[in-house]
1. For segment 179-224, which strands (runs of 3 or more DSSP E) that fit wholly inside it have 2 or more residues that are not β-branched (Val, Ile, Thr)?
2. Since Lys276 meets every condition but one in (1) at pLDDT below 90; (2) touching a Ser or Thr at 6+ places or on another chain (Cβ under 9 Å); (3) not in a helix (DSSP H, G or I), which condition does it not meet?
3. If Leu174 passes every condition in (1) under 17 Å from Ala272 (Cα atoms); (2) modelled with pLDDT under 85 but one, which one does it miss?
4. With respect to Glu225, determine if the residue is at negative phi, among the charged types (D, E, K, R), surrounded by 15 or more Cβ atoms within 10 Å (Cβ to Cβ) and out of contact with any His (no Cβ under 7 Å at 6 or more places or on another chain).
5. Give me the residue from segment 53-78 that is of a type in the set (Ser, Thr, Tyr) and at pLDDT 80 or above and, out of that set, surrounded by the most Cβ atoms within 10 Å (Cβ to Cβ).
6. Can you pull out the residues in segment 195-206 that are loosely packed, with under 15 Cβ neighbours inside 10 Å and either touching a Phe, Trp or Tyr at 6+ places or on another chain (Cβ under 6 Å) or touching a residue at least 60 places away in the same chain (Cβ under 8 Å) (or both)?
Amino acid sequence: MIEKQNNKRWIIIYSIVAVILIALHYLLNLDIFDPWKEYLPVAQKLILSLFLITIIFLTSKIAGKIVSSQSHSEGDMYNLLRIIRFLAIAFSLIVAASFLFQNLYAAAVSFGLISLVLGFALQAPIASFIAWIYLVFRRLYLVGDRIQIKEFKGDVIEISYLDTLVLECSGEYLGNDRRSGRIIRFPNSLILKEQITNYTGPQVPFIWNETPIQIAYTSDLKFVENCLLEAAQMDFNDQYPKFAAQKRKQWDPAVYFRINKYAWMEAVVSYAVEPKDTTGRRNRILKYALPKLNSAPDKVQFPEGTRR
């Protein structure tokens, strides 16, 4: 909503500025400006250049408003707006260069020489910019996705032309997948060198997680399994009703048993979960399942002392 309001305001501003500039361009032809006749060609060309730049940014804001009104995902919309902004800046620089160098050929030659010099001096930023283009077209991750690259793990909140901002989850102070509140900024060029793990995707909205519960060997394993499955399935139906209505077996929870390193038995419930809901879903399953398990001491025994 804020983005749409900003676009509308800037469209009005750029439209007014464009009208004023084109009016000034023709007003300079009046006889009252004859005393400054020698400066008029430069002034008119400057005004025309500013008019063209204003039209470029006006067009970009109109395109941005159209993109914002469409039903794109947050990540796709962010990338499209970034591309529109970049193209507006690039075309504006071309117009400015054509004014400074009088013609496009001289501007192109100058840009070539400048690029050659800057290419050596700014290798890291250029590599990050190329990586941004790669990100846009390959869609390795979008704004809102939860990713991990090297030791950095978190939710993407901004993808700029040179770097990416991630709101960290887990981290050195947390033992779960909750957001730590810290911001991680890394150069885009890192994606060209390191493996990227994306926990979020439009095709498969869930990842798989599991939670173990230690029980004694004398427990009723079938009863334990039913309690855990019921807890996981009920929470899935409550939290993800849209997906629960599809009734896909690929998202059904499962329970298996294993022996842990302390020679106790573990009942492990495996379930589908959205990447940002791993801690909450585990807590809800345990809050539902444990009271049921504790209410049947004749069927479920937990490890105690030397008892296994």
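1. Because the criterion is at least 2 residues that are not β-branched (Val, Ile, Thr), the strands (runs of 3 or more DSSP E) in segment 179-224 that meet it are 179-187, 207-215.
2. (3)
3. Looking at each condition in turn, Leu174 falls short on (1).
4. yes
5. Restricting attention to segment 53-78, the residues satisfying the condition of being of a type in the set (Ser, Thr, Tyr) are 54, 59-60, 68-69, 71, 73, 78.
Next, from what is left, pick out any that are at pLDDT 80 or above: 54, 59-60.
Values: Thr54: 21, Thr59: 16, Ser60: 24.
Across segment 53-78, the extreme among qualifying residues is Ser60.
6. Within segment 195-206, just Pro202 meets the criteria.
The values are calculated or read from the model by the stated rules, or taken from the named source; none is laboratory data. This one's a predicted model, so the numbers in the text were calculated from it and none came from an experiment. Here Cβ is always computed from backbone atoms with ideal geometry, including for glycine, and neighbour counts include all displayed protein chains.
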